[in-house]
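Written below as structure tokens is the structure these notes are about.
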Amino acid sequence: MKISVQIEDFDLGREVTELRAHQPQIGAVASFVGLVRDINDGSTVAAMSLEHYPAMTEKALRDIAAEAAQRWQIIDATIIHRIGDLYPTDQIVLVAVASMHRHDAFAACEFIMDFLKTSAPFWKKELTPQGARWVDARETDETATQRWTKPSKR
């Protein structure tokens, strides 16, 4: 599994190609790309700054991916999360999951993204016309993770 926390942008096509390379048993790849929006909570967002604590962040991402691999039959996964200063339309995060069947790929991808939003130690600060503000996890993100606390069916 590829886990990367980086400043540099990523190429979705290249990442999916690398994920699939030399693995003919893969029958499905589900992916999610998160982008910086120009509006949040009714305010214009000019930029976003993402910070993290390297050792904690990479471990948290590996743990989330490992949990997904225990719940679903996935063959491989890629998680890339950017840090630093980002601007509207910039890519923030990529989660891509490969499996034999689409159900496992979709479910694992959604699970990883839900837990990444609430459990991975990233700190986001938005620059708005009213000034800079830290962004907390949304209640909807917390609710999304709660649905995964029930044992999954394989």
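Some points to look at:
- Once divided by 2.2 N^0.38 Å, the Cα radius of gyration of region 2-149 becomes 1.07.
- Net +/- balance of residues flanking Thr89 in space, Cβ distance below 14 Å, scoring K and R +1, D and E -1: -2
- Taking every full run of DSSP H in the chain, the ones that stretch at least 15 Å from end to end by Cα along their long axis and average -1.0 or higher on the Kyte-Doolittle scale are 54-71, 102-119.
- In terms of surrounding Cβ atoms within a 10 Å radius of their Cβ, Leu12, Leu50 rank from fewest to most as Leu12, Leu50.
- With neighbour counts taken as other beta-carbon atoms within 10 Å, the residues Asp76, Asp90 rank, fewest first, as Asp90, Asp76.
- GNM on the chain, alpha-carbon springs under 10 angstrom: the most fluctuating residue among Gln130, Gln25, Gln73 is Gln130.
- Percent of Cα-Cα distances greater than 17 Å, calculated over region 1-40: 43
- Our estimate of slack between Glu67 and Val33, defined as 0.36 nm per intervening residue step minus the Cα-Cα distance, is 10.2 nm.
- Rg over Rh [alpha-carbon atoms, Kirkwood Rh] for region 6-67: 1.05
Computed from the coordinates by the stated procedures, all read-outs in this text should not be read as laboratory data. Keep in mind the model is a prediction, meaning the values are calculated, not measured. Glycine gets a Cβ as well: all are built from the backbone with ideal geometry, and neighbour counts include every protein chain shown.
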